[in-house]
Structure formats: C-alpha cells, structure tokens
Amino acid sequence: MPFDLHPRLRTPATALAGAALLAGTLAACGSGGPSRAQTLEVWTYQDASTHIQAEAVERFNETSDVQLELVEIPGANYQERMRTAMGTPNAPDIFFNWGSGSISDFVQQDMLVDLTDTLAETEELRDAFVPTVLAAAEIDGGVYGVPMRGVQPVILFHNTELFEQIGAEPPTTWEEMEELIEVFQAEDITPVALGGADAWTSLMWLEYLLDRTGGAGVWQRIESGESEAWGDPAVVSSAQTALDLIEDGAFGSTFLSNAYTNDGVSTYFAQGRAAMHLMGSWEYGGQLANAEEFARERLGYGTFPVISDGAGEASSIVGNPNNYWSVNAELEGEQLDAALEFLKHTTDDAYLSALVANGDIPGTVGVDDRLDDHPDPEFARFQYELITEAAAFTQSWDQALPNRAATEMMNAVDDLFSGGLTAEEFADTLRGVS
Amino acid sequence: MAGRRRARDTGRPGVLWAVPGLLFFGLFAAAPMVLVAWLSFTSWDGLSAPAWSGTENWTRLWSDPAMHRALRLSLLLTLLSWLFQTPVALLLGVWSAGRQRSRAVLSAVFFLPLLASSVALALVWRSILDPNFGLAADVARWLELGDANVLGSQRGALLAVAFVAAWQFVPFHALLYQGGARQVPRSLYDAASIDGAGTVRQFFAVTLPQLRNTVVTSSVLMVVGSLTYFETVLILTGGGPGSATTIVPYLMYETGFRAFDLGYASAVATSLVVVATGVSLLMVRLTGFGRMRSTREGM
Amino acid sequence: MKTVPPATARPASRHRPLWRRANIPAGAGAALWLAIVLIPLYILVSATLRTREDYLERGAFAWPTSPSVESYRRVLAGDFLTYLLNTVVVTAACAALVVVLAVTVAYSVVRTRNEASRRVFQLFLLGLAIPSQAVIIPVYLIITELNFYDTLAAVILPTAAFALPVGVLILVGTMRDIDEETYESMALDGAGPLRTLLNLTVPMSRAGIATVGVFSALQAWNGFLFPFLLTQSRDTRVLTLGLYDYVGEFRVDVPALLAAVVLSVVPIFAAYLLARRQLVNGLMGVGGR
C-alpha cells in the first residue's frame, strides 16, 4: 500500500494516526491512494454541454499514449467539490473552472501551471482568444487557464407571446421595466422569473443594477481589493432597487423557493407563467433541450434596461467571460506535455464547431464566420454583438472573488433578497469583504 | 479458592484483544476529536498547512452574529423537534404496543420512513414542497392559499425541516415507546381500572410515569439528533432562505467546505462536540448506561 | 431492545369495553399519521410511473393513467448500477469490519476484569457522543494524509469507526448474558481465549452480532456525509451521493429522480421483508448514536 504523507503536513498527530493504520489495523482494507498514473483526470462540470468535452477527450485519447479520463461532476456545488479535491493528493490534473476567484487561491499556492509561455509559443493558441475573454484567467501576471466553452453573457430573456398579448415591447429603460411589472401583475402573470433559492440568480440582478447605477468601475474597485468600495452609494441604491422589485412583486411571491439548478424556474418560464427571465446565455440551450417549442417560437432576448440617471453604459454586460481548463502544477514530463497538448484542442475546428452547434459562442477570435452554424444564428449574432460591443464585461461576482469572500458575499445577497438585511445593512455587511 | 480463580482466568482474553478496535476507533473517531480541537486554534485554507493562530477563531466565534444565529436556530429546531416528535411518538408507540393484528400491520407501515436515507427522503420532500410543481402547489391551489412558498419563507423553511425530521424519526421513537409500553406491568392497569380510571387517566397515571426512562432516552437521542442535523437542510433548503435554516452543522459545512475557512469551521465543530458530548454524558447519567454491568462479573 | 411479553398472555381480557373505547381517539390519531406517512409514499411511487410531461402538467398527486417504467429505465441506463455496486462494497466491508472489531472489543471488555478494560468500555461509551458531522474536517485531513481521498476506503473506514461504539455497546450487553459457568467448563477443558470466543461466545451472541451487522450495514448504506466530502468521481460514488447528484442531472425530471430514490430503497425494503426483526434491532442501534 503506497503510504506517503503529503508533504504539506506531517503533524505528529497524523503521523501517529498513519502509523496506527500501518500497524495493521486494516492493511487489507482499501485500495490505497492512486499515485499519478498514466491516466490523467480531467474534471468538468456536468450539464447539457458536457458531451463536447467528452468527445474532445475521446479524440485526444485516440492519438495519445497518456490517456485522459473525464470526470463529470454534476450539481450546484462543483466549485466546492473541486476546491476540496485540490487540497488532496488526488486532485484533478486538468479541470474546468471560472478563472479569477475560482482559482486564485491555487495560484497563490503555486498549484497551477502558468500557461503564459505555452500560449505565446504554441501556434494553435497564440492570439487565438479574445483578450477580454482571456483576462479572467490572468492572475498576478500569469495566465492560468485556457477558455474551453462559450462566452456566457447574462441576458434578459422574455416570452414574446406574453409581450404580444399585452401589446408591449421588452423594456429598454428602467421606467418601462417598472411599468411592465405593473401590467403583467394585473394580468396575473409573474413579471420576472427568479430562482432565488439559488442565490447566484439573485446576484445577477445586483450585478446589472450596480453596473447601470454606478458604472462598471465600482465593481472593478471592489474586485481589485478595495473593499471599502462596497460603501459606494451606488451599492446601496442598487440593493434598494432590488428590494423595491421584490416589494412590487416583480418576482412573484414564491421566488425564494424557486430553484434554477433543478430547472424549476426555466420550466415555469417556459410554461408562460412568467414574462421575463434574467439568466446566462446557457438558458437558451437548456430551453432548447427541455422545451424546444418554447425555445424556437416564443423565447425572446434583449439587453438589460438603462437606468436614466445612472452612470453605467447601456452596452455593458455581466456574466462569465468563459470557462477555463487549468492544469495542475504537479504534472511533469510526459504527462505535462500531454495536458498541454490537450489544451491545444480547444481551438481546433472540431471542438469549435461542436461548441457553436451546441449554441455556444466560443471565446476565440474570428468566430463570426461560424455563427451560421449556430442552431439559432440570429441569437448567435445578438450575443456576438453584445460581447464584442460591450463597454465593459463584468465577471459574475461570485466567480471573481476568492472562495471565502464569495461565500460571505453570497450569504449577504441571500439575506438581502430574503428580507434579512436592508440595503444599508447589506452594504455595511460587505464592507471588508473582497 | 486460589486454584479455582486460576482456572477461571485461563480462558480469559487480555485487554490486548481490544487493541485493534481501539486503534481503529482511535484513528478515525477519537484522534479527529483531538485534531478538531487543535485545528480550531489554527488558520487553514485546506491548501497550505494549518498555521497556529492562537485563540483568534474562538474570540471571533464568541462574537460572530452568524454563529449566534446558527446556535439559536439549532436550539429552536431542537425544541420544535422535541415538541412535535415526542407527543406523536409517545401516542403512536403506546397505541402500537397493543397486540391487535391491525396495529401490528399499521406499525409496519409507520416504520417505512426509517428505511430510507435522509438524502432520499429529503429529495422526496423537496419534490413535494416545490412551489410550482409539487404537491404543495396543488394543495395551495385547492385551499386557495395563493402560493406554496413553504421553503421560501423564513418560518416555513424551518418548520419544513422540523416536519421532515419528524416524519423520518417519529417511527424510531415510537418503537422505543412501544418497547417501553409493552413492559408496563398489566397489573397496574388492572388496579387503575378497578379504581375507575378511564383511558385518559390510565395513560397519565400509569403509562406515562412508567415510561419515564424511555422518555428520557428518547428525548436525549432526539436532542443530539437535532443538533447534528445536516443532510435534510443541505438538500431541502440549503440553509436558506437567507440564513433562516443555517443551523450549526450547516454553518460548519458552509464555513469549512464552501469558504474553506477550515480553522474557523473547526471551532464551530468543536463547540458542536462540546454540546453533543454534554448532552450525551447527561444521557449516560440519567439512563444509567454506565451502571449496566452485570452482577455476574462481580464488578 | 428487548421486549418482554406482558404477564397476561391475552390482552384486553376483562376490561374489553374500556380498551375498545380507547381505540377511537387513538385510532383516529393513528389514521391521521398513516395518511401523513402514506401520501408522500404514494407520490414517491406513483410519480415514478409517469412521464416528466405528465408530472409537470397534472401535478404531483395525479394517478398514473398510463403507467410506464421509462423513468426506471432511464435511471438504470445511467451509472446507477455502479453506484449500487459501490454501496454494496462499502456496506459489506463496513459490516464485516464493525462485527469483527466489536466482537473482539466486547469480548475483552466482558471477560477481562481489570481497570484497563473498564476504561476501554468507558472510552467507547464516550465515543457514542461524537457526532460525525463535528469531526468531518479532521477526518478529511486524515483521509487525505493517508492518500485515501476519493477511494471507497475513505467512506468505509470512518463509517465503520463511527458505528463501532454502538456495536461494542450492543455486544457487551449480549455477552454479559452468557453464564459464567459455561465459561468455566470451557476453561476446565483447557480452552484458550480464542477457542472460547469462537466456540462459545460467538455462537451464544449470534443475535447481538446480527444486530450489530445490520446496524452498521444500514449506517453504511444510508450514510451521506463521508461520501459527500471524501469522494468525488463516478467510480467511487455511492448511492446516497448519486441521488444527490441526480438533482443536477435529472433536474426537473422528478419521475426519474424519484425512481432513483425508489431503486435505492428497494434493497433495504427487501431486507425488511426478509429479516424484519434484525432490521428493527439494527435500526434501534441507529438511534443509539
């Protein structure tokens, strides 16, 4: 049985514990820890798009001695599980993440391979990615991830049939938004679907509201470590706007028990029971898979409305610039070469075609030529323009902050939306979090 | 006599026989107790080595509003559980102690929830309580309650957790009471009914006093169980809405495995151990487990 | 948990009218609880026989008008059998470990008459009080250091350790009921501790051993926390964690999700039908934690 103490910790207590185990209490039990074998573990978040990564791994395995094994982790807590595993000798070798805060702890501990040189020296990767997309993988002057899925802006989706029914257009200004909320409520339709049981869906509203009210700069200050920026008046005012929305019944009365991660909210939206839904672009793919007719015939999309006296740009967006493959720094030699080789495939034709066909907009340059292959080219062009013309692309806050700060922030967001905090208390709670 | 004692001792195992079990238990249960206490004095992110941080976590814990709220919620949940489960389990247990065939059959049905894991049951209840697609939605419609925001309201979520816990654990406690009620001497009932006591009075005058020990055992198990409740909260409410169901074990999980502030989470965990141990020692005292030694061993 | 039959063999003899009357309020209460127990179980089973569309359209309570086993097929087509196999391995290993260790510990506690063995017993009694939730962080640390993270051993070892105190408690109780005289005659035959254990103590403690086995098996089968935090990949996923993950996989396909729940309970249910008594005893052990 291989028994090597992880070098970071040789406390007397655990050594003793280990000795006790070795003493034969249980030598027969357990297969022992896997040492780094010829097979590399590739972790990805499991959802409707996972088959693209599975196919990429399969293609890679056909040509390589070092084999990859795709581990699909489903559910809302991918980040926690990945982070937990990274603290063990059984950490994944290549893994899906959101860049920035989702990997910054690892970068600080030198646990990831700096890909700066790889990106500069490899023909397939050099200048392949849109710089703003790559930015989220840049930490402390290094590049620690390669974009591997679509760019995911958060979009205000709507049900075109319901808008026709009341004879209105999707909102472009906040005043229109407020008016629509009243109209839909009078029609007994929930104005906006919100899966408040998953706090990150509530967060999207705050992200956009803060952007429109105070401009993208407020968040940039917070993200760069200036936690006092939570005290910016725009934070309080956007939190208050969110509270007003709740108060006005914009989200209906059950939004706190609606979940997005079980598709509850999406189904509710597809059934025509809510008029709008603020969600990442992946919502389109989800609807296409679960409610195809709705997706093709009634699913409309647009930008987040402008707040008239706000400092934000109408073209600014929030969302996930992309997802990334990062490589564990424990890899060396042949295995490291194989991992880096695998990264190259994120830009090959088969991979990009699969992404586009799946409804994604890859974060590579020159992608506009491919948009006609998208299941809905019109939606693809809309997204593409949204991304390329954005004055600012704010990364989802929970992905931008490191785990600890993100958890504190998400708790505050959850408390705000469930009535536990006022707007001022929300801002006060977050002061010091970054 | 000396010869006889020797004969007695020849077949006896030494205390060494207990060593494998002790080592095993020590490594995976006792050593962690010591380790968690040690970790509570460190700062540890799960990636680098734990660094000694003195009493920092403990002073923080002492004044942390999140911890206070979690403790309050844990105690409230415990109280709710006790108030709900004890009467139901007691009545059900005493009722099923009757030896009628119908009762035996029904007891077997009551028993079913105990077979499934907390995870399975929480998933079932989560589906039932879904505000749009669950039974809760239908019921709300029938009763014209407007909506089924059970899991989305502060009180509703905690009550839901308490209810699901009861649904799952009442059968267990009912079994305890059933066992207890069957040991009540028949003659006591006969005497009571000669005195003209009706069913209700018999229950209070005979059954309940006779079940005193069972009540203690069941209550203590209930309290410890409620203090360490986790799976149902994780699946049913995720600690929400807001922090409405963030009880101590969930807070520990969130601090430890979401924020990866494992040192602080260890302090939370240690306080949980202290409370649970206190209650269990009480259990040992009150129920006399420690005095269970057989007289045959002459100890 | 022993149940002693009441002194009078036939219940409700002389005071039949009184007991009959007592049935009415109690019976009504029992009927109410029966409904509370059965409605969720009805939904659990009926939903699995319906399609996702039907469930979303007609609500949770509707009768399956055209029953289909499609949901079960979906679940079985996935990784369910892998999870099941993992769970079986974990369960069997846990039960075996706990039985062997609890028997040796209890044997030593009951048959060794000195201060040390008394201390051993007290330690295990204290062990009853350790909630696994509270020590999950150091257990994570130890499992990681032992290089067991994401292996089945990571689930088996702590699960067994936490089932051990109850096992010891039960077996100490059982073994104390064995007559001293029987031991003495074994000793006069010159039997050593091992022979005594195998030929006398174990056969005479069969009921207790069965209870301990069932108890630890149930703990392992239904355990969630250790697999949740100590394993990750599909190859090591046990049923409870698999169920949890199905939420993310099946999403709003409630019938498939519930079908997985039903399938995960079926083996225990079968055990319940076959060995009700041991199972009940084992479960009482569960509460002893």
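The values are calculated or read from the model by the stated rules, or taken from the named source; none is laboratory data. These numbers come from a predicted model, not from an experiment. So basically every Cβ, Gly included, is an ideal-geometry build from the backbone, and we count neighbours across all protein chains shown.
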Item to check | region A:110-137: number of residues that are without any contact (Cβ under 8 Å) to a residue 60 or more places away in the chain and either more than 25 Å from A:E72 (Cα to Cα) or aliphatic (A, V, I, L, M) (or both) | outcome: 8
Checklist entry - Counting only residues that are outside any helix (DSSP H, G or I) and within 8 Å of chain C (Cβ to nearest Cβ), which one in region B:101-129 is nearest to the chain's Cα centre (by Cα)? => result B:S117
Checklist entry - Hey, any hits in region B:158-174 for a residue that's facing another protein chain (nearest Cβ under 8 Å), assigned to a helix (DSSP H, G or I) and touching a Gly at 6+ places or on another chain (Cβ under 6 Å)? => result yes
Checklist entry - Can you pull out the residues in region C:173-193 that are within 8 Å of another protein chain (Cβ to nearest Cβ) and either outside any loop (DSSP other than H, G, I, E, B) or of a type outside the set (D, E) (or both)? => result C:G173, C:R176, C:E180, C:Y183, C:E184, C:M186, C:A187, C:L188, C:G190, C:A191, C:G192, C:P193
Checklist entry - Is it true that some residue in region A:23-46 is among the hydrophobic types (A, V, I, L, M, F, W, C), out of contact with any Asp or Glu (no Cβ under 8 Å at 6 or more places or on another chain), part of a helix (DSSP H, G or I) and at pLDDT below 90? => result yes
Checklist entry - On the given criteria, is C:G223 under 30 Å from B:L236 (Cα atoms), within 20 Å of the chain's Cα centre (by Cα), surrounded by 23 or more Cβ atoms within 10 Å (Cβ to Cβ) and within 14 Å of chain A (Cβ to nearest Cβ)? => result no
Checklist outcome for this item: Here, helices (runs of 4 or more DSSP H) confined to region B:211-283 with at least 1 residues that are more than 11 Å from chain C (Cβ to nearest Cβ) and farther than 16 Å from B:A162 by Cβ are B:212-227, B:248-257
Next on the checklist: Looking at A:F294, A:F304 in this structure, which one is buried (at least 19 other Cβ atoms within 10 Å of the Cβ), on the phi < 0 side of the Ramachandran plot and more than 21 Å from the chain's Cα centre (by Cα)?
Outcome noted: A:F294
Checklist entry - Given the structure, is C:L200 part of a helix (DSSP H, G or I), buried (at least 24 other Cβ atoms within 10 Å of the Cβ) and hydrophobic (A, V, I, L, M, F, W, C)? => result no
Next on the checklist: Residues to consider are A:L299, A:L245, A:L288; find the one that is under 19 Å from C:R52 (Cβ atoms) and away from chain B (no Cβ under 14 Å).
Outcome noted: A:L288
Checklist entry - So which residues in region A:197-221 are closer than 13 Å to A:Q395 by Cα and of a type in the set (G, A, S)? => result A:A216, A:G217
Checklist entry - Can we say B:A140 is surrounded by fewer than 20 Cβ atoms within 10 Å (Cβ to Cβ), under 18 Å from B:R155 (Cβ atoms) and not aromatic (F, W, Y)? => result yes
Checklist entry - What number goes with the only condition from (1) assigned to a helix (DSSP H, G or I); (2) out of contact with any Lys or Arg (no Cβ under 8 Å at 6 or more places or on another chain); (3) at the interface with another protein chain (Cβ under 7 Å from one of its Cβ atoms) that C:L241 does not pass? => result (3)
Checklist outcome for this item: In region B:1-26, anything modelled with pLDDT of 85 or more and more than 7 Å from chain C (Cβ to nearest Cβ) is listed as B:V19, B:L23, B:G26
Next on the checklist: Just checking: which of the helices (runs of 4 or more DSSP H) contained wholly in region A:94-149 hold 1 or more residues that are more than 14 Å from every other protein chain (Cβ to nearest Cβ)?
Outcome noted: A:116-121, A:131-134
Checklist outcome for this item: Exception for B:R293 within (1) more than 9 Å from chain C (Cβ to nearest Cβ); (2) modelled with pLDDT under 85 falls at (1)
Item to check | C:T236, sole failed condition from (1) touching an Asp or Glu at 6+ places or on another chain (Cβ under 7 Å); (2) within 7 Å of another protein chain (Cβ to nearest Cβ); (3) of a type in the set (S, T, Y) | outcome: (2)
Checklist entry - Restricting the search to region A:188-228, which residues are free of Cβ contacts under 8 Å to residues at least 24 places away in the same chain and over 21 Å from the mean Cα position of the chain (by Cα)? => result A:D188
Checklist entry - Considering C:A96, C:A116, which residue is hydrophobic (A, V, I, L, M, F, W, C) and buried (at least 16 other Cβ atoms within 10 Å of the Cβ)? => result C:A96
Item to check | Restricting region C:50-93 to residues that are in contact with a Pro (Cβ under 7 Å, 6 or more places away or on another chain) and in a helix (DSSP H, G or I), the residue that is nearest to B:A148 (Cα to Cα) | outcome: C:Y55
Checklist entry - Do you know which residues across region A:77-93 are touching a strand residue (DSSP E or B) at 6+ places or on another chain (Cβ under 7 Å), of a type outside the set (A, V, I, L, M, F, W, C), outside any loop (DSSP other than H, G, I, E, B) and touching a residue at least 12 places away in the same chain (Cβ under 8 Å)? => result A:Y78
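So that you can scan it fast, the table gives a plain yes or no per residue for (1) β-branched (V, I, T); (2) within 25 Å of A:Q79 (Cα to Cα); (3) surrounded by fewer than 22 Cβ atoms within 10 Å (Cβ to Cβ); (4) modelled with pLDDT of 90 or more:
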site	(1), (2), (3), (4)
A:A314	no, no, yes, yes
A:F342	no, yes, no, yes
A:N358	no, yes, yes, no
A:P362	no, yes, no, yes
A:A400	no, yes, no, yes
A:A423	no, no, yes, yes
Checklist outcome for this item: Among the residues of region B:39-79, the number that are free of Cβ contacts under 8 Å to residues at least 12 places away in the same chain and of a type in the set (F, W, Y) is 2
Next on the checklist: So, C:L157, is that one more than 8 Å from every other protein chain (Cβ to nearest Cβ), part of a helix (DSSP H, G or I) and at pLDDT 90 or above or not?
Outcome noted: no
